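Visitor: This structure is in structure tokens; I'll ask about it shortly.
The values are calculated or read from the model by the stated rules, or taken from the named source; none is laboratory data. Keep in mind the model is a prediction, meaning the values are calculated, not measured. Positions of Cβ are backbone-derived with ideal geometry, glycine not excepted, and every protein chain shown enters the neighbour counts. What goes into the accessible areas is simple: the full protein's heavy atoms, side chains included, and nothing from ligands, DNA or RNA. Shrake-Rupley method; radii C 1.70, N 1.55, O 1.52, S 1.80 Å.
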Amino acid sequence: MTGPETEKKFEIATDELAVLGNGALGYIREIEPGHAAKLLEPQKIDMPGNIRLYCLYGADGTPMSISASFEAAFAAAREHELTPVTVH
């Protein structure tokens, strides 16, 4: 019998993330409406708490776009010539 699987964790510096995939990698993550409002500051935007939003980030973690659907976030990644990946 084998033991339980363990999750491997490692640290990577921001500048190393920025060049991941030769700068052509972006990731899509579902975000809370409150987090989206903070990303859009200093604009004051009132977001309903029951909507689903998806943020496209550059490999270095820079937010690039916020979309109302995964498909739109995916299209935004392709528009920016990025290979999209998802983060859970």
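Visitor: Do you know which of the residues in the stretch 49-85 that are assigned to a loop (DSSP other than H, G, I, E, B), open to solvent by 60 Å² or more (accessible area, probe 1.4 Å) and of a type in the set (A, V, I, L, M, F, W, C) is modelled with the lowest pLDDT? Explain how you work it out, then say what you get.
Guide: Initial filter on the stretch 49-85 (assigned to a loop (DSSP other than H, G, I, E, B)): 49-52, 59-62, 68-69, 80-82.
If we keep only those that are open to solvent by 60 Å² or more (accessible area, probe 1.4 Å) as well, we get 49-52, 60, 62, 68, 80-81.
Retained after the next criterion (residues that are of a type in the set (A, V, I, L, M, F, W, C)): 51, 68.
Working: ILE51: 89, ALA68: 93.
This residue is ILE51.
Visitor: So, one more: I'd like to verify a number: residues in the stretch 34-81 that are among the hydrophobic types (A, V, I, L, M, F, W, C), more than 20 Å from ALA24 (Cα to Cα) and without any contact (Cβ under 8 Å) to a residue 24 or more places away in the chain, how many?
Guide: Kept after step one, since they are among the hydrophobic types (A, V, I, L, M, F, W, C), are these residues of the stretch 34-81: 36-37, 39-40, 45, 47, 51, 53, 55-56, 59, 64, 66, 68, 70, 72-77.
Among the residues that remain, those that are also more than 20 Å from ALA24 (Cα to Cα) are: 36-37, 39-40, 45, 47, 51, 53, 68.
Filter again for without any contact (Cβ under 8 Å) to a residue 24 or more places away in the chain, leaving 37, 45, 47, 51, 53, 68.
Number of matching residues: 6.
Visitor: Moving on. If we scan the stretch 8-25, do we find a residue that is open to solvent by less than 60 Å² (accessible area, probe 1.4 Å) and modelled with pLDDT of 75 or more?
Guide: Keep residues of the stretch 8-25 that are open to solvent by less than 60 Å² (accessible area, probe 1.4 Å), which gives 13, 17-18, 21, 23-25.
Next, only the ones that are modelled with pLDDT of 75 or more stay: 24-25.
Taking every residue of the stretch 8-25 in turn, at least one turns out to be open to solvent by less than 60 Å² (accessible area, probe 1.4 Å) and modelled with pLDDT of 75 or more.
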